[in-house]
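What follows is calculated from the coordinates using simple rules that are stated; it is not laboratory data. Everything numeric here is computed off the predicted structure, so don't read it as measured data. Every residue, glycine among them, receives a Cβ derived from its backbone with ideal geometry; neighbour counts consider all protein chains shown.
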Amino acid sequence: MAPVSQTVRVKVLFFGRLKDVVGQSEESLDLTEASTIEQLFALYSERIPQLAKYRSSVFASRNQEFAAWDAVLHPGDEVAFLPPVSGG
Amino acid sequence: MAPVSQTVRVKVLFFGRLKDVVGQSEESLDLTEASTIEQLFALYSERIPQLAKYRSSVFASRNQEFAAWDAVLHPGDEVAFLPPVSGG
Amino acid sequence: MTTVLYDDIFQLVREPIDPHSLIDHVRAPEDGAIVTFDGFVRNQSHNRPTLYLEYEAYESMALTKMRGIAAELHEKYRIHRVAIVHRLGRLEIGETSVFIAVSAPHRADAFGACRFAIDTLKRTVPIWKKEHFEDGAVWADGELPPAPVATPRAKPAS
Amino acid sequence: MTTVLYDDIFQLVREPIDPHSLIDHVRAPEDGAIVTFDGFVRNQSHNRPTLYLEYEAYESMALTKMRGIAAELHEKYRIHRVAIVHRLGRLEIGETSVFIAVSAPHRADAFGACRFAIDTLKRTVPIWKKEHFEDGAVWADGELPPAPVATPRAKPAS
């Protein structure tokens with residue numbers, strides 16, 4: 001059978017200064033094709049150009065674990081973009 | 001002038017297991033000639049032979065500071081014989 | 001797979017932290033040492049007077065990370081119990097933002113584990129601090145996680 | 001000769017130690033970190049159940065030594081205040097025998113100084129512990145001071 005294209009619904013979270021830049025802390029997003037975390041961030045950077053300059057200092061998590069930027073997203077994943085942490 | 005021999009009065013303290021061995025914690029002693037801390041300890045070891053075996057593990061203080069065994073005692077000195085410390 | 005259960009505490013709280021209850025929790029007669037770390041709000045940052053701080057967290061991940069730190073402490077050190085609590089929201093000068101208590105039979109383990117816990121928390125737990133000054137507020141410069149994340153390239157799609 | 005005054009605490013006490021008042025004493029808004037060490041009576045020693053402990057001290061020298069440790073901490077570390085308290089007399093299982101609190105602007109100094117303080121106290125402050133067991137009591141094996149004492153041979157008699 002040929003693969004059936006279907007949307008991948010993910011939850012996307014922004015924290016710290018990224019939340020301020022994006023203007024929201026959380027949204028659900030339907031990706032029309034299999035995407036990596038890198039591609040997801042690029043999608044937001046198209047929408048909000050000033051986000052791009054944070055790319056080098058941002059960390060990503062998937063399902064509450066630090067994740068690689070080339071990790072491929074699955075339906076139901078929770079992805080977060082995290083500035084360098086400053087707790088303590 | 002020839003030196004005049006005179007007694008040197010010192011205060012001697014024992015702590016921890018040394019106090020148990022000596023049977024008292026404190027006494028004033030008149031030394032009939034200039035003595036070192038080593039000689040003072042030897043004096044007590046003559047009186048209480050089992051004290052001698054503690055010599056290698058004992059520390060001495062003079063006037064509340066750790067002191068060398070060959071330090072010469074002066075009138076009014078407070079000398080203490082201290083087992084290895086175990087505070088904390 | 002072995003599951004080891006420890007009676008540790010991990011909390012994110014919005015009320016003032018009570019160190020005494022945490023110390024009481026980790027204290028047990030088989031121990032002999034407790035080391036605590038109390039991090040609290042300084043009255044200045046880079047020589048600018050601070051008005052107050054605000055902390056926010058990615059709460060679910062932060063709690064997972066705090067639990068992970070405690071598990072690592074039990075692996076690396078001979079310790080008894082751990083309590084790690086971080087406060088969120090608005091904090092005034094002098095208020096405790098993070099409190100860590102570690103009990104152990106011997107002091108070297110208690111010191112090592114407590115130090116490891118706060119160092120690791122500051123690098124890996126997703127919490128962020130906004131510093132409020134007379135003339136505005138800034139997000140504090142943060143710390144980078146310790147090592148690059150491995151790429152799970154070899155993992156087949158399921 | 002410069003005299004530097006710090007608002008530190010050194011105490012030998014015969015009543016239970018109150019950590020909270022000591023922590024409050026060292027805490028100040030210019031700091032950001034407090035590290036504490038709490039040493040308390042274990043329920044066993046070398047696998048023998050302990051009934052209770054008794055501590056005695058050469059009190060005048062012990063206080064001098066504790067003051068010297070604090071002075072050394074201020075020289076070696078960038079810290080703000082120190083509190084060092086040791087209890088004497090009879091202590092029951094679980095009771096605190098020694099409590100140390102150090103405040104500092106940054107955690108590395110607070111940890112380093114607190115660790116140095118307890119390590120140095122255990123080697124150099126004249127305090128002794130008698131352990132009471134079911135079948136008798138023994139003086140605990142102690143620790144040796146760090147270095148041989150220099151001989152003041154060159155000093156002329158005055």
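Can you tally the net charge around A:Leu31? Count Lys and Arg as +1, Asp and Glu as -1, for every other residue whose Cβ sits under 13 Å from the Cβ of A:Leu31. Could you put the intermediate results ahead of the total?
Working: positive: A:Arg9, A:Lys11; negative: A:Glu27, A:Asp30, A:Glu33, A:Glu38, A:Asp77.
Spelling it out: positives minus negatives among the neighbours equals -3.
Grab the beta carbon distance between C:Glu54 and A:Glu38, set R0 = 35 Å, and tell me the FRET efficiency rounded to 0.05.
Values: r = 30 Å, r/R0 = 0.87.
The pair C:Glu54/A:Glu38 has a calculated efficiency of 0.70.
For region B:57-88 and region B:23-56, what is the separation of their C-alpha centers, rounded to whole Å?
The two parts, judged by their Cα centres, are 12 Å apart.
Between region C:27-50 and region D:1-76, what is the separation of their alpha carbon centroids in Å?
Centre-to-centre (Cα) distance: 17 Å.
Points 7 angstrom from Cα along the Cβ direction at D:Glu92 and A:Ser28: gap in nanometres?
5.9 nm
For D:Ser60, go 7 angstrom from Cα along the Cα-to-Cβ vector, then report the distances to that same point in the other copies in nm, smallest first.
Reported distances to equivalent positions: 6.8 nm.
So, in nm, how far is label D:Ala71 from label C:Asp7 when the simple model puts each one 7 Å beyond its Cα toward the Cβ?
4.5 nm
Just to confirm the numbers: D:Glu95, label point 7 angstrom along the Cα-Cβ line, distances to the other copies in nm, shortest first?
Its label point is 3.8 nm from the equivalent points in the other copies.
For q = 0.12, 0.24 Å⁻¹, what log10 I(q)/I(0) does chain B give under the Debye formula with an equal point scatterer on each alpha carbon and no solvent?
Results for chain B at q = 0.12, 0.24 Å⁻¹ read -0.35, -1.31.
Mind listing the long-range amide H neighbours of C:Glu143? Cut-off is under 5 Å, sequence gap 5 or more, other chains count too, H placed in the peptide plane at 1.01 Å from N.
Those lying under 5 Å, H to H, from C:Glu143 are A:Val85, A:Ser86.
Would you tell me which residue of chain C has the beta carbon closest to the rotation axis bringing chain C onto chain D, and how many whole Å away it is?
Output: C:Thr36, 2.
So if we plug the beta-carbon distance of D:Asp141 and A:Ala52 into 1/(1 + (r/R0)^6) with R0 = 56 Å, what FRET efficiency do we get, rounded to 0.05? Walk me through the numbers on the way to the answer.
Working: r = 65 Å, r/R0 = 1.17.
That gives a FRET efficiency of 0.30.
May I have the pair-distance distribution P(r) for region D:9-135, computed from all Cα-Cα distances with 5 Å bins from 0 and rounded to whole percent?
Spelled out bin by bin, region D:9-135 gives 2, 11, 21, 21, 18, 13, 8, 4, 1, 0, 0 percent.
Of the cross-linked pairs A:Lys53/C:Lys122; A:Lys53/C:Lys76; C:Lys129/D:Lys65; A:Lys53/C:Lys65, which ones have a Cα-Cα span greater than 32 Å in the structure shown? Show your work: numbers first, answer last.
On the way: A:Lys53/C:Lys122 24 Å; A:Lys53/C:Lys76 38 Å; C:Lys129/D:Lys65 41 Å; A:Lys53/C:Lys65 27 Å.
Over 32 Å Cα-Cα: A:Lys53/C:Lys76; C:Lys129/D:Lys65.
Compute the signed sum of charges (Lys and Arg +1, Asp and Glu -1) over the other residues within less than 13 Å, Cβ to Cβ, of C:Ala113. Walk me through the intermediate numbers first.
Working: positive: C:Lys76, C:Arg78, C:Arg81, C:Arg107, C:Arg115, D:Arg115; negative: C:Asp8, C:Asp31, C:Glu72, C:Glu75, C:Asp109, C:Asp119.
Local charge sum for C:Ala113: 0.
Arrange C:Thr50, C:Thr36 by Cβ neighbour counts within 10 Å, fewest through most, would you? Spell out each step's value before the answer.
On the way: C:Thr50 18, C:Thr36 25.
Lowest to highest Cβ neighbour count: C:Thr50, C:Thr36.
Starting from the Kirkwood Rh over alpha-carbon pairs, what translational D in µm² s⁻¹ does the protein assembly as shown have by Stokes-Einstein at 4 °C and 1.567 mPa s? Spell out each step's value before the answer.
Working: Rh = 26.4 Å.
After rounding, the answer is 49 µm²/s.
With a sphere of radius 14 Å drawn around the Cβ of B:Val8, what net charge do the other residues whose Cβ falls strictly inside it have (Lys, Arg +1; Asp, Glu -1)? The partial results should precede the final answer.
Working: positive: B:Arg9, B:Lys11, B:Arg62; negative: B:Asp30, B:Glu33, B:Asp77, B:Glu78.
That sum, taken over residues with Cβ under 14 Å, equals -1.
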